[in-house]
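Structure, as structure tokens:
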Amino acid sequence: MHLFGFEYRSIGQLILFFVIVAVVGFPLELFAKAFPEAMLSLGRLSLQDARILFVLLDLLSTIFSMAIVDYFMDSVSTTFVSVLVVGLIMALTSVKDIGESKS
């Protein structure tokens, strides 16, 4: 089966892939959110710059997490474009949380 560049043997394997990606990527996601927030609270970045930094860090952490899980999980295969699109969608849906505590 094929969905958005992901090839998988079953829906269960695809769900398992994303669950493992979430677990593997959790520490990186924490850093991707905390670092721009810290830089914003210290006055080193503007809100817009902190949000841009968050999107970049979150995107990179998602790409890294998915690449690692893809390497070890034979039942699911990804393409770089599909990982990039999923990572960008995930980052853009979370970007509004950056700087929310300051406003």
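Derived from the Cα gyration tensor, the three semi-axes of the equivalent ellipsoid of the chain are 30, 12, 10 Å, largest first.
Shape call for region 42-85 from the C-alpha gyration tensor, a ≥ b ≥ c root eigenvalues: rounded (a/c under 1.5), prolate (a/b greater than b/c) or oblate?
On the way: a/c = 6.73, a/b = 3.07, b/c = 2.19.
Verdict is prolate for region 42-85.
Would you mind ranking Glu7, Glu37 so that the residue whose beta carbon has the fewest other beta carbons within 10 Å leads the list? By the 10 Å Cβ count, ascending: Glu7, Glu37. Which one, Thr79, Thr93, Phe26, projects farthest toward the positive side of the charge dipole computed for the chain from Cβ point charges (K/R +1, D/E -1)? Highest projection toward the positive end goes to Thr93. 3J(HN,Hα) along region 57-68: 5, 5, 4, 5, 5, 5, 4, 4, 4, 5, 5, 5 Hz, from the Karplus curve 6.51 cos²θ - 1.76 cosθ + 1.60 with θ = phi - 60°, whole Hz, x for Gly and Pro.
Based on C-alpha pairs under 8 angstrom that are at least 6 apart in sequence, region 19-87 has a relative contact order of 36 percent. Each residue of region 36-46 was assigned a 3J(HN,Hα) from its phi angle through the Karplus curve 6.51 cos²θ - 1.76 cosθ + 1.60 (θ = phi - 60°); the sequence is x, 4, 5, 5, 5, 5, 7, x, 7, 10, 6 Hz, with glycine and proline shown as x. For the chain, the 222 nm mean residue ellipticity estimated from helices alone, with every DSSP H stretch of n ≥ 4 adding -39500 (n - 2.57) and the total spread over all residues, rounds to -24500 deg cm²/dmol.
Readers should treat all values here as calculations from the given coordinates under stated rules, not as data from a laboratory. Keep in mind the model is a prediction, meaning the values are calculated, not measured. Please note: Cβ atoms are built from the backbone with ideal geometry, for glycine as well, and neighbour counts cover all protein chains shown.
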